[in-house]
Every structure is written in C-alpha cells, then in structure tokens.
Amino acid sequence: MFFEDWQTNEKYKDAEIRLSLLWDCDMKGFDWNESRSAVVERVVKLGVMSDFYAAFRLYGGLDNFIKILRDEVRGLNRQDISFVKAVFHLNEDELHSVKKAKEREIALGFKPSDLPGMEWVW
C-alpha cells in the first residue's frame, strides 16, 4: 500500500495538517474528532503528503483513517473516488460517498450529471 510506512517515515514524523485546508472553519475550539469526516475529506481532496501522514497519526493510524474515509466521508467526487480506490485499495461500492450518490439518484429518478451543463456533478 502507498502509505504503509506511515509509522516509520522520518520525513513526516512531525507533520501537522495545514490549517489552510480548513480555511472556512473557526479554529478556536475546533473539535478535530467531531470534525474528522470533514478533515479527512479535505485531506483527500486538497492535501499534500504531510497532511496525509499527519491525519494518520491524528486519527489513530492508517486503518482508522481508511475507516473514516470509507464509512463517514460523503463529499467525494469521481476524481477523489478514483484516487481513493487506487491509493487505499478500496472498492467503490463500500464508500459512503458512492452509496449516498446512488441513493440521491434513486430519489431524484435521474443522475444530476444527465442534465445539460452538469457533467461535473457526481
């Protein structure tokens, strides 16, 4: 796996998640655990290597990061999902983001991406 060295990697051992990833959050009293799905989503979408290693440590390891990613993160687009599948070896159908998108399609009766000008939407 791509990040299998997360515990021994010396280059990123003191890394912290860049607060610029959470630019729209009030960091005074920010609850990193309560906001874990938003933090993990931002790391996946906008993070650099140091953000990933910092998130692994913050959330108790690679397996816990993947669990949050799989079970809680909702806002991944197609590009993010492709990245997650390739890097973390996850099946698309086990991702919460994909399940929610399929539920939305069923409720609407169509895919939002079928509308003209909305090709970018999940």
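In plain terms, the residue of L108, L46 with the fewest other Cβ atoms within 10 Å comes first and the most crowded comes last, giving L108, L46.
Once you've got the Cα coordinates, tell me which of K13/K99; K28/K99; K67/K100; K28/K100; K13/K100; K28/K85 are over 24 Å apart. Checking Cα-Cα distances, K13/K99; K28/K99; K28/K100; K13/K100; K28/K85 exceed 24 Å. Relative to the longest principal axis of the Cα atoms of the chain, helix 96-108 runs at roughly 20 degrees.
Under a model in which nothing but the beta-carbon of Lys, Arg (+1) and Asp, Glu (-1) is charged, the stretch 1-80 shows a dipole of about 160 debye around its Cα centre. Each stretch of four or more DSSP H residues adds -39500 (n - 2.57); spread over every residue of the chain, this sum gives -13500 deg cm²/dmol at 222 nm. For S50, S82, the sequence from fewest to most other C-beta atoms within 10 Å is S82, S50. For the chain, the longest principal axis of the C-alpha atoms and the axis of helix 36-46 are separated by about 80°. Shown for V48, V84, V40: other C-beta atoms within 10 Å of each C-beta, ranked fewest to most, produce the order V48, V84, V40.
Compared with the dominant principal axis of the Cα atoms in the chain, helix 78-88 is inclined by about 40°.
Each reported figure results from applying straightforward, stated rules to the coordinates on display, with no laboratory input. All of these numbers come straight from a predicted model, not from anything done at the bench. With ideal geometry, Cβ positions are generated from the backbone for all residues, glycine too; neighbour counts draw on all protein chains shown.
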